[in-house]
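Peer 1: Quick one: the structure is below, questions incoming.
Just so it is clear, none of the values below were taken in a lab; they were calculated from the coordinates. Not measured: the values here are computed from a predicted model. Cβ placement follows ideal geometry from the backbone for every residue including glycine, while neighbour counts extend to all protein chains displayed.
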Amino acid sequence: MRVRLLGTAAGGGVPQWNCACTACRRARKAGTVRTQDCVAVTGDGRTWYLLNASPDLRAQLVAAPELAPGPGPRQTPVRGVLLCTAELDHTLGLLALREAERITVYGTAAVLGALSGPFPVRDILAAYTSLTWTPIAAGEPITLPGGLTATAVTVGAKRPRYVATPSAGDWVVAWRIADPRTGGVLVYAPCLPAVAGPFRTAVAGARVVVVDGTFLYDDEMARATGGGRTATAMGHLPVSASLRDLATAGARVLYTHLNNTNPLCAPDAPERDTLAAYGAEVAEDGQAINL
Ligand code: MLT
Ligand code: MN
Ligand code: ZN
């Protein structure tokens, strides 16, 4: 299995266009851009699947050589999108796929429901292209063309803010992607409220875990901007709380979905030494992983 991290920032990216916090100022000055989280995976090198569709999707696709179209005039190796949530930073990019001729979007009933209700992207896109929308049940593996097996793992129930009516469901999932030919297993969990339950089971036996690094500290928003909710209240387990636990999982651990307030965004941040001491890494845009 080949994995390409197309984007590694939380909603807003780094720098965020309207933010003058220390991390955004630093990124602006250094020219170090981090785009919103999205991953491409393939089992056969020809058939690629995206994990989430970020608002930066078009630029991310154009920047990835293995996702270039051809040899047919409109032949793309991108065959589908597996959604972790219905949040805007994971779904706005679906609108950028309006030129697509054959793409399947996989999501839980709750997620696909949001995309045909409060955020009617399915109806909007129907006027431009005919995408296939495939509901998936958490815990039930699906076989993707190209040889990979994908299983959604429920990790949370926080619905997007634009979904006004409270409704239960598998709003937040991680994806466990397995390559039966190599035995490689990737777990992708950009939104993770706790290291518990089915997530813990999914991580057992994984070679690579790309996981929620939105915030380093629980009170990081208040530290950086003087206000805002805690990481925990936003459904994101801070790195400081997951690091020890994940380090014992036996997998390579990379933190993604970094918020622009996160000190780990800076390449020379002293906080990165603590991660390194636990064998964990900060994911970077464009990074390639084979497993
Ligand atoms: C999240 O990661 O919690 C969401 O993307 C937050 C949001 O955009 O409202
Ligand atoms: Mn997000
Ligand atoms: Zn900022």
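Peer 1: Scanning segment 66-91 for residues that are polar (S, T, N, Q) and buried (at least 16 other Cβ atoms within 10 Å of the Cβ), which turns out farthest from ligand 3 (Cβ to nearest atom)? Give the derivation first.
Peer 2: Of all residues in segment 66-91, those polar (S, T, N, Q) come to 75-76, 85, 91.
Checking which are buried (at least 16 other Cβ atoms within 10 Å of the Cβ) leaves us with 76, 85, 91.
Numbers: Thr76: 34, Thr85: 22, Thr91: 23 Å.
The extreme case among them is Thr76.
Peer 1: Next question, about the same structure. Do you know which of the residues in segment 31-57 that are free of Cβ contacts under 8 Å to residues at least 60 places away in the same chain and within 16 Å of ligand 3 (Cβ to nearest atom) is nearest to Ala283 (Cα to Cα)? Give the steps one after another, and end with the answer.
Peer 2: Within segment 31-57, the first condition is being free of Cβ contacts under 8 Å to residues at least 60 places away in the same chain, and the residues that meet it are 31, 36, 38, 40, 45, 50, 53-57.
Now restrict to residues that are within 16 Å of ligand 3 (Cβ to nearest atom): 31, 36.
Numbers: Gly31: 17, Gln36: 12 Å.
Looking at residues that are free of Cβ contacts under 8 Å to residues at least 60 places away in the same chain and within 16 Å of ligand 3 (Cβ to nearest atom), I get Gln36.
Peer 1: Continuing with the same structure: Mind counting the residues in segment 148-165 that are away from ligand 1 (no atom under 16 Å from the Cβ) and surrounded by fewer than 17 Cβ atoms within 10 Å (Cβ to Cβ)?
Peer 2: 2
Peer 1: Regarding segment 57-65, can at least one residue be identified that is more than 22 Å from the chain's Cα centre (by Cα) and not aromatic (Phe, Trp, Tyr)?
Peer 2: So in segment 57-65, the residues more than 22 Å from the chain's Cα centre (by Cα) come out as none.
No, segment 57-65 contains no residue that is more than 22 Å from the chain's Cα centre (by Cα) and not aromatic (Phe, Trp, Tyr).
Peer 1: Do we have Ala241 as among the hydrophobic types (A, V, I, L, M, F, W, C) and within 30 Å of Gly117 (Cα to Cα) here? Full working, then the answer.
Peer 2: Working: among the hydrophobic types (A, V, I, L, M, F, W, C): yes; within 30 Å of Gly117 (Cα to Cα): no.
Against the criterion (among the hydrophobic types (A, V, I, L, M, F, W, C) and within 30 Å of Gly117 (Cα to Cα)), Ala241 does not qualify.
Peer 1: Can you find even one residue in segment 238-259 that is within 15 Å of ligand 3 (Cβ to nearest atom) and at negative phi?
Peer 2: yes
Peer 1: Determine which single condition Gly213 fails, assuming it passes every other condition in (1) out of contact with any His (no Cβ under 9 Å at 6 or more places or on another chain); (2) within 16 Å of ligand 3 (Cβ to nearest atom); (3) touching a residue at least 60 places away in the same chain (Cβ under 8 Å); (4) among the small types (Gly, Ala, Ser).
Peer 2: Of everything listed in (1) out of contact with any His (no Cβ under 9 Å at 6 or more places or on another chain); (2) within 16 Å of ligand 3 (Cβ to nearest atom); (3) touching a residue at least 60 places away in the same chain (Cβ under 8 Å); (4) among the small types (Gly, Ala, Ser), Gly213 misses just condition (1).
Peer 1: Another question about this same structure. How many residues does segment 215-250 contain that are exposed (fewer than 15 other Cβ atoms within 10 Å of the Cβ) and among the polar types (S, T, N, Q)?
Peer 2: Of the residues in segment 215-250, 2 are exposed (fewer than 15 other Cβ atoms within 10 Å of the Cβ) and among the polar types (S, T, N, Q).
Peer 1: Among residues belonging to segment 24-57 that are within 16 Å of ligand 1 (Cβ to nearest atom) and of a type in the set (Ser, Thr, Tyr), point out the one that is farthest from Leu88 (Cα to Cα). Spell out how you get there, then give the answer.
Peer 2: Step one: list which residues in segment 24-57 are within 16 Å of ligand 1 (Cβ to nearest atom), which gives 34-39, 51-57.
Next, from what is left, pick out any that are of a type in the set (Ser, Thr, Tyr): 35, 54.
Numbers: Thr35: 14, Ser54: 8 Å.
Within segment 24-57, the match that is farthest from Leu88 (Cα to Cα) is Thr35.
Peer 1: Let me confirm something: among Ala30, Ala64, Ala40, which residue is among the small types (Gly, Ala, Ser) and in contact with a Phe, Trp or Tyr (Cβ under 8 Å, 6 or more places away or on another chain)?
Peer 2: Details: Ala30 fails: in contact with a Phe, Trp or Tyr (Cβ under 8 Å, 6 or more places away or on another chain); Ala64 fails: in contact with a Phe, Trp or Tyr (Cβ under 8 Å, 6 or more places away or on another chain).
Criteria check complete, one pass: Ala40.
Peer 1: Looking at Gly12, Gly7 in this structure, which one is within 16 Å of ligand 2 (Cβ to nearest atom) and on the phi > 0 side of the Ramachandran plot?
Peer 2: Details: Gly7 fails: on the phi > 0 side of the Ramachandran plot.
Only one candidate qualifies: Gly12.
Peer 1: For segment 250-260, does any single residue satisfy the condition of being more than 15 Å from ligand 1 (Cβ to nearest atom) and more than 21 Å from Val153 (Cα to Cα)?
Peer 2: Step one: of segment 250-260, the residues more than 15 Å from ligand 1 (Cβ to nearest atom) are 250-254.
If we keep only those that are more than 21 Å from Val153 (Cα to Cα) as well, we get none.
No.
Peer 1: Consider Ala110 carefully, then state whether it is surrounded by fewer than 18 Cβ atoms within 10 Å (Cβ to Cβ), part of a helix (DSSP H, G or I), at negative phi and in contact (Cβ under 8 Å) with a residue 12 or more places away in the chain. Lay out the reasoning, then the answer.
Peer 2: Details: surrounded by fewer than 18 Cβ atoms within 10 Å (Cβ to Cβ): no; part of a helix (DSSP H, G or I): yes; at negative phi: yes; in contact (Cβ under 8 Å) with a residue 12 or more places away in the chain: yes.
Considered against the rule, which asks whether it is surrounded by fewer than 18 Cβ atoms within 10 Å (Cβ to Cβ), part of a helix (DSSP H, G or I), at negative phi and in contact (Cβ under 8 Å) with a residue 12 or more places away in the chain, Ala110 comes out as no.
Peer 1: I'd like the residue in segment 1-30 that is within 14 Å of ligand 3 (Cβ to nearest atom), in a loop (DSSP other than H, G, I, E, B) and of a type in the set (S, T, N, Q) and, out of all such residues, is nearest to Ala178 (Cα to Cα).
Peer 2: Filtering segment 1-30 for residues within 14 Å of ligand 3 (Cβ to nearest atom) gives 9-30.
Then drop every residue that is not in a loop (DSSP other than H, G, I, E, B), which leaves 10-13, 15-21.
Now drop any that are not of a type in the set (S, T, N, Q), which leaves 16, 18.
Numbers: Gln16: 34, Asn18: 39 Å.
The selected residue is Gln16.
Peer 1: Shifting gears a bit: Among the residues of segment 55-62, is there at least one that is buried (at least 24 other Cβ atoms within 10 Å of the Cβ) and in contact with a Pro (Cβ under 8 Å, 6 or more places away or on another chain)?
Peer 2: Initially, segment 55-62 is screened for residues buried (at least 24 other Cβ atoms within 10 Å of the Cβ), giving 56-57, 60.
Of the ones still in play, those that are also in contact with a Pro (Cβ under 8 Å, 6 or more places away or on another chain) are none.
Scanning segment 55-62 turns up no residue that is buried (at least 24 other Cβ atoms within 10 Å of the Cβ) and in contact with a Pro (Cβ under 8 Å, 6 or more places away or on another chain).
Peer 1: A further question on this structure: Give the residue, chosen from Thr76, Thr104, that is within 21 Å of Ala152 (Cβ to Cβ), out of contact with any helix residue (DSSP H, G or I) (no Cβ under 6 Å at 6 or more places or on another chain), of a type outside the set (A, V, I, L, M) and in contact (Cβ under 8 Å) with a residue 12 or more places away in the chain. Even if it seems obvious, please write down each step before you answer.
Peer 2: Details: Thr76 fails: within 21 Å of Ala152 (Cβ to Cβ).
Unique residue meeting the criteria: Thr104.
Peer 1: When the residues of segment 251-291 are narrowed to those that are surrounded by fewer than 16 Cβ atoms within 10 Å (Cβ to Cβ) and free of Cβ contacts under 8 Å to residues at least 24 places away in the same chain, which ends up nearest to Ala40 (Cα to Cα)?
Peer 2: Residue satisfying both the conditions and the ranking: Ala276.
Peer 1: List the number of the failed condition for Glu99; all other conditions in (1) in a loop (DSSP other than H, G, I, E, B); (2) crowded, with 17+ Cβ neighbours inside 10 Å hold.
Peer 2: So the condition that Glu99 fails would be (2).
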